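Each reported figure results from applying straightforward, stated rules to the coordinates on display, with no laboratory input. Since we're looking at a predicted model, the values are computed, not measured. Cβ placement follows ideal geometry from the backbone for every residue including glycine, while neighbour counts extend to all protein chains displayed.
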Amino acid sequence: MGILAVLALPLLLFGISGIIYIYQTVRWLLSKSAVQNKVVVITDATSGLGKECSRVFHAGGARLVLCGRTWEKLETLYDALINVADPSMTYAPKLIFLDISDINCIRDVAKEILNCYGCVDILINNASMKVKGAVQSISLELDKKIMDANYFGPITLTKAILPNMISRRTGQIVLINSIQGKIGIPFRAAYAASKHAAVGFFDCLRAEMEEFDISVSTVNPTFICSYHRQPAPGNWEASIWKSLAPLCSIHSLFQKGCVWPAPRGGGGGSLAHSKQ
Ligand SMILES: NC(=O)c1ccc[n+]([C@@H]2O[C@H](COP(=O)([O-])OP(=O)(O)OC[C@H]3O[C@@H](n4cnc5c(N)ncnc54)[C@H](OP(=O)(O)O)[C@@H]3O)[C@@H](O)[C@H]2O)c1
């Protein structure tokens, strides 16, 4: 009895410290960001959606390469990001000039992107051009420009980054598309056509990349209430996702760190990974 009483206390302490250790380890594992140290490229990082993606990935400890066609906006975004995040837990983003409709320059831009960290883990094709108007009022020239920005631009960049991912047998390619890549509505013919084309390309790419363990995802949101519609002066980082949440689940995917697993079978591109 006496020996048992003597042993009980150390055993109890040992048990409690074991439970505390397991609890802390589980908490650490849960808090660890799945995008930590990942090289993430976002095209048009200065758009409403691009900006929010930048914020989420930056806070998660990703090594960001932010692309945009207005240098001042990129610099403003850079300042905002590094001012709100803990510098010991985050990386200073790299900035790259990219006009997604300038097809002839995209290969060089891809080289610049790859030179930043030597690889790309996640490519988010977010840049896009919008146009609205009756079919007969939109010139063929503008139709082609929209096709360049929304189809040839993203596929040229993706093709240039792809060999790096294939050689590493890892990577995630995301196309931020639109519900208009699935259905057509009046006065959006050029935009919808370009988005339909992009869905077709990335659906095929998904099926081809499966053997290399590269996932390809297409996000087809409906309406996104971005900063342009709901400005929050002096509080740019306030999440747009509060208003977006019912429409699109990208944010929760980022938060959970699942970052879009590729659907099996390559079918049904749209909402393979998000709500419409
Ligand atoms: N907003 C929505 O309701 C909605 C709905 C469905 C899908 N989406 C998709 O979500 C993505 C982001 O859209 P968003 O609404 O967040 O954008 P946004 O806030 O409306 O901003 C438009 C952006 O397009 C950029 N841009 C225009 N032409 C460009 C070019 N040639 N090269 C690079 N950037 C260019 C502009 O850059 P500058 O400011 O530097 O000119 C600007 O940042 C797009 O792919 C869009 O199709 C949006």
Checklist line | Neighbour-count ranking [beta-carbon atoms within 10 angstrom, fewest first] of Lys111, Lys38 | finding: Lys111, Lys38
Notebook entry, point to check: So for Val216, Val26, fewest C-beta neighbours within 10 Å to most, what's the order?
Noted result: Val26, Val216
Next item on the list: Give a residue-ordered list of calculated ³J(HN,Hα) values for the stretch 199-204 (Karplus: 6.51 cos²θ - 1.76 cosθ + 1.60, θ = phi - 60°; whole Hz; x for Gly, Pro).
Entry: 4, x, 4, 6, 5, 5
Checklist line | Charge-dipole axis of the stretch 1-158 as Lys and Arg at +1 and Asp and Glu at -1 on Cβ define it, positive-most pick from Cys67, Val109, Pro87 | finding: Pro87
Item checked: Spacing of the two label points (7 Å from each Cα toward its C-beta) at Ala34 and Phe187, in nm -> 4.0
Item checked: Set of aspartates and glutamates near Lys111 by C-alpha distance (under 19 Å), chain-local residues within fewer than 8 positions excluded -> Asp44, Asp99, Asp102, Asp121
Check: Mind listing the phi-derived Karplus ³J(HN,Hα) values for the stretch 96-108, rounded to whole Hz, using 6.51, -1.76 and 1.60 with θ = phi - 60°, and x for any glycine or proline?
Finding: 9, 7, 8, 9, 5, 8, 8, 4, 5, 8, 5, 4, 5
Next item on the list: Taking H placed 1.01 Å from N in the peptide plane, check which residues at least 5 places from Ala127 or on another chain put their amide H under 5 Å from its amide H.
Entry: Thr43, Asp44
Next item on the list: Express the C-alpha Rg of the stretch 1-97 as a ratio against the empirical globular expectation 2.2 N^0.38 Å, rounded to two decimals.
Entry: 1.81
Note to self: Taking amide H atoms as placed 1.01 Å from N in the peptide plane, list the residues 5 or more away in sequence, or in a different chain, whose amide H sits under 5 Å from that of Ser217.
What the structure shows: Ile173, Val174, Leu175
